[in-house]
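Student: This structure is in structure tokens; I'll ask about it shortly.
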Amino acid sequence: MKARLAASAALALGLALGASGCSMITYQATTEKYDASDGVSVNIGDLDLRNILVVSDDGEDGTLVMTVVNRGERDATLGVQFGEGGGDVVEVDVEAGQTLVLGSKDEDEVVLEGIDAEVGGVLPMFFQYADAEGVEKLVPVLDSRLSEYSHLAP
């Protein structure tokens, strides 16, 4: 009787470990954060920048595309510096608690002139907001062949 009870307990323990043990030693890809679109993302203070990319057909001038979410209680001015060695700076104003979608039909285009970037490559960009620590990102430069970006090339 004791042997059957011990065998049943050992079998139950073996089944439990066999059914769940792989998650103890296997890498879990679902725990990794990633950008699920063509662009990159960054958080700076109260500003969340999502799906940042540049659309350019010639690599000289490009349209900045991104979504900026201001989670703060004050209006914010985001400084965007682009190019090697800290080229030009573009400022983008975002009202408190609002979302701004650059590249949408509701917003004016933000054209970056003289980006000198290879289409299909990346453009170094530096994002700064108020006294929050700025962040540099390598932003993809895409062309207008994709239908969702066809109206965005300058």
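Student: Which residues, counting only those in region 107-130, are more than 20 Å from Ala153 (Cα to Cα) and free of Cβ contacts under 8 Å to residues at least 60 places away in the same chain?
Tutor: From region 107-130, those more than 20 Å from Ala153 (Cα to Cα) are 126-130; that's our starting set.
Residue satisfying the conditions is Phe126 alone.
Student: While we're looking at this one, here's another question. How about region 119-154: which of its residues are under 20 Å from the mean Cα position of the chain (by Cα) and more than 13 Å from Leu53 (Cβ to Cβ)?
Tutor: Residues satisfying the conditions are Pro124, Phe126, Phe127, Gln128, Tyr129, Ala132, Glu133, Gly134, Val135, Glu136.
Student: Within region 56-101, count every residue that is in a loop (DSSP other than H, G, I, E, B) and under 24 Å from Pro154 (Cβ atoms).
Tutor: Going through region 56-101 one residue at a time, the tally reaches 11.
Student: Condition check: at pLDDT 90 or above, in a loop (DSSP other than H, G, I, E, B) and farther than 10 Å from Thr63 by Cα. Does Ala117 satisfy that? Explain how you work it out, then say what you get.
Tutor: Values: at pLDDT 90 or above: yes; in a loop (DSSP other than H, G, I, E, B): yes; farther than 10 Å from Thr63 by Cα: yes.
Yes; evaluated as a whole, the condition is true for this residue.
Student: Something else about it: Tell me which of these Ser104 doesn't satisfy, since it passes every other one: (1) touching a residue at least 12 places away in the same chain (Cβ under 8 Å); (2) surrounded by fewer than 13 Cβ atoms within 10 Å (Cβ to Cβ); (3) not in a strand (DSSP E or B).
Tutor: All conditions pass for Ser104, except number (1).
Student: Moving on. Of everything in region 130-150, what is closer than 16 Å to Glu118 by Cα and either among the aliphatic types (A, V, I, L, M) or at pLDDT below 90 (or both)? Give them in sequence order.
Tutor: Leu138, Val139, Val141, Leu142
The values are calculated or read from the model by the stated rules, or taken from the named source; none is laboratory data. Because the structure is a prediction, the values reported are computed rather than measured. Don't worry about glycine lacking a Cβ; one is built from the backbone with ideal geometry, like all the others, and counts go over all protein chains shown.
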